[in-house]
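J.: The following block contains the structure, expressed as structure tokens.
None of the figures in this text is laboratory data; all of them are computed from the coordinates on show. Keep in mind that what you see is a predicted model, and the values were worked out from it rather than measured. Virtual Cβ from ideal backbone geometry, glycine too; neighbours counted across all protein chains shown.
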Amino acid sequence: MLDRDNQSKLRKIIHIDMDCFYAAIEIRENPKFKDQPVAVGGSGGNRGVLTTCNYVAREYGCKSAMPAFKALQLCPSLIILPVRHNLYRNESKIIRKIFHQYTDLIEPLSLDEAYLDLSDHKLDASNLAESIRNEIFEKRNLTCSAGIAPNKMLAKIASDWNKPNGQFELKSGEIEEFMTSLPVAKIWGVGGKTSDKLAALNISTCAELQNLDMVTLHKLFGKFGASLYNLCRGIDDRPVVSNRERKSCSVERTFSHNVTTLEYAKKKLHHILLELKNDVTHSHSNRKIKSAFIKIKFSDFTKTTSERTSSMINSELFNLLLKKSWNRGKGKPVRLIGAGIRFHSDRVNEIDQLELF
């Protein structure tokens, strides 16, 4: 049986990340937007939140998850286009067919990124990544970036190294040196809370984190401590899982005008639930529901979420959750309402064991 290190060296993992996917598709469909700052937003106006933006817009400081009005302050000429989910889903399916020409071990993370395990392929991993990227550009007129490494965490980090429209390979013999200066925030599963806790310990790089032993890390971070011990050394044994489960399904709306009454909010929720039911019926009809949740964003951008166990999309329950969340605002107007459900899983999802926020 191969030990962990030898097994890792035999793996060829590629992480493909499409470059500003939604915005790139919109520009391809509308060439007049080329070389202009373009963003795709939740509601297609200055009330929404940016889903993504092209690199011209990013030069002004615009970025995903930024409120549209802030982006417009940074870049008054920013073109904000509405989200067209069906267009992006169809494009993602076509690109995934290209992946399948190279391997069936594909783990999609979202519409615009995926892991590919090409360990059994005879060709060099870097050449394979270049071939995939070239084929996507030739057939779809879209660019992407690739990270090549012996494991998933390092491949994902590497794909961000030469963006946009580039690739970076991290070989087994380079991992130890690479990890020493890598910020701990780059480690898979490390979110804001963990980063803050590490910063309080004056730990900002993986080299500094490597000074903590397994026992200490377990005391500080529980089960995740053992993962941190390995990850900060570039060790990641997670396989590429081709049938990765989706954990939830949700729909949210940012309103062009703030919602000021609970009754009107309930009317808006009714339409959101119709769309949620449609999504679940068409895409997740075989999944069992375990809970329902409501998300609200108030006019001052504070957020709150209410959740309760449920086996179905129950309008009465969602209205109760809406009221509960609404009351927390103590009269503040609401700019966004979201409704969603979480699914049961037949297996323990590894990502549930990590802190991602």
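J.: What are the residues whose amide H is under 5 Å from the amide H of Glu169, where those residues sit 5 or more places off or on another chain and H is modelled from the backbone?
T.: Ile148
J.: Counting other beta carbons within 10 Å of each Cβ, put Asp104, Asp117 in order, fewest first.
T.: On the way: Asp104 9, Asp117 21.
Taking fewest neighbouring Cβ atoms as first place, the list is Asp104, Asp117.
J.: When 1/r is averaged over all different Cα pairs and the result inverted, which Kirkwood radius in Å belongs to the stretch 248-343?
T.: Details: mean 1/r = 0.0755 Å⁻¹.
Averaging 1/r across every pair of different Cα atoms and inverting gives 13.2 Å.
J.: Hey, another quick one. Using a 10 Å cut-off around each Cβ, can you sort Glu263, Glu91 from fewest to most neighbouring Cβ atoms? Kindly include the intermediate steps, with their values, before the conclusion.
T.: Details: Glu263 7, Glu91 21.
Taking fewest neighbouring Cβ atoms as first place, the list is Glu263, Glu91.
J.: Only counting other Cβ atoms within 10 Å, I'd like Leu123, Leu111, Leu322 sorted with the fewest neighbours first.
T.: Numbers: Leu123 11, Leu111 18, Leu322 23.
Exposure proxy ranking, most exposed first: Leu123, Leu111, Leu322.
J.: Lys/Arg Cβ at +1, Asp/Glu Cβ at -1, dipole of the stretch 176-231 taken about the Cα centre: which of Leu201, Leu220, Leu231 is farthest positive-ward?
T.: Leu220
J.: What residue among Leu336, Leu116, Leu201 has the largest mean-square fluctuation in a Gaussian network model of the chain, using Cα springs under 10 Å?
T.: Among Leu336, Leu116, Leu201, the largest GNM mean-square fluctuation belongs to Leu201.
J.: Between Asp160 and Asn286, take the C-beta separation as r, use R0 = 45 Å, and let me know the FRET efficiency to the nearest 0.05. Mind showing how you got there, number by number?
T.: Values: r = 35 Å, r/R0 = 0.77.
For R0 = 45 Å, the calculated efficiency reads 0.85.
J.: Set Lys and Arg Cβ to +1 and Asp and Glu Cβ to -1, take the dipole of the stretch 10-168 about its Cα centre, and tell me which of Asn86, Ser145, Ile106 lies farthest positive.
T.: The Cα lying farthest towards the positive end belongs to Asn86.
J.: For the stretch 248-343, what is the relative contact order in percent, using Cα pairs closer than 8 Å and at least 6 residues apart in sequence?
T.: On the way: 170 pairs, mean separation 44.3, N = 96.
Computed over the stretch 248-343, the figure is 46 percent.
J.: Let me know the Kirkwood hydrodynamic radius for the stretch 154-248, please, with Cα pairs as the basis and the value in Å to one decimal.
T.: Hydrodynamic radius (Kirkwood, Cα only) of the stretch 154-248 equals 14.5 Å.
J.: Counting only residues 5 or more places away or on other chains, whose amide H sits under 5 Å from the amide H of Ala114 once H atoms are built in the peptide plane?
T.: Amide H neighbours of Ala114, under 5 Å, 5+ apart: Ile16, Leu109.
J.: For the chain, what does the helix formula give at 222 nm: sum of -39500 (n - 2.57) over DSSP H segments with n ≥ 4, over the residue count, nearest 500 deg cm²/dmol?
T.: Working: 14 runs with 138 residues, N = 357.
Computed ellipticity for the chain at 222 nm equals -11500 deg cm²/dmol.
J.: While we're here: Comparing Pro37, Pro108, Pro183, which has the greatest mean-square fluctuation in the GNM of the chain with Cα pairs linked when under 10 Å apart?
T.: Pro183
J.: Where nothing but the Cβ of Lys and Arg (+1) and of Asp and Glu (-1) is charged, how large is the charge dipole of the stretch 176-231 around its Cα centre, in debye to the nearest 20? Walk me through the intermediate numbers first.
T.: Details: 5 positive and 5 negative charges, 65 e Å.
Roughly 320 debye, rounded to the nearest 20.
J.: Let me ask something else about it. Rg and Dmax of the chain, Cα atoms, in Å?
T.: For the chain, the Cα radius of gyration and maximum Cα-Cα distance read 22.0, 64 Å.
J.: Filter the cross-link list Lys268/Lys288; Lys70/Lys186; Lys97/Lys288; Lys290/Lys332; Lys97/Lys277; Lys193/Lys219 down to pairs whose alpha-carbon distance in this structure exceeds 24 Å.
T.: Distance filter (> 24 Å) returns Lys268/Lys288; Lys70/Lys186; Lys97/Lys288; Lys290/Lys332; Lys97/Lys277.
J.: Using label points projected 7 Å from each Cα along Cα→Cβ, tell me how many nm separate Met214 and Lys122, to one decimal.
T.: Roughly 4.1 nm, to one decimal.
J.: Rounded to the nearest whole Å³, what is the per residue volume of the convex hull around the Cα atoms of the stretch 176-231?
T.: 70
J.: Have a look at Asp35, Asp160, Asp19 and tell me which one the Gaussian network model of the chain (Cα, springs below 10 Å) gives the largest fluctuation.
T.: Result for the chain, Cα springs under 10 Å: Asp35 fluctuates most.
J.: Give, rounded to the nearest 20 debye, the magnitude of the charge dipole that the chain has about its Cα centre when Lys and Arg contribute +1 at Cβ and Asp and Glu contribute -1 at Cβ.
T.: Details: 54 positive and 41 negative charges, 393 e Å.
Its charge dipole is roughly 1880 debye.
J.: For the chain, what relative contact order do you get, as a whole percent, if you take Cα pairs closer than 8 Å and at least 6 residues apart?
T.: Numbers: 637 pairs, mean separation 55.8, N = 357.
Contact order relative to length: 16 percent.
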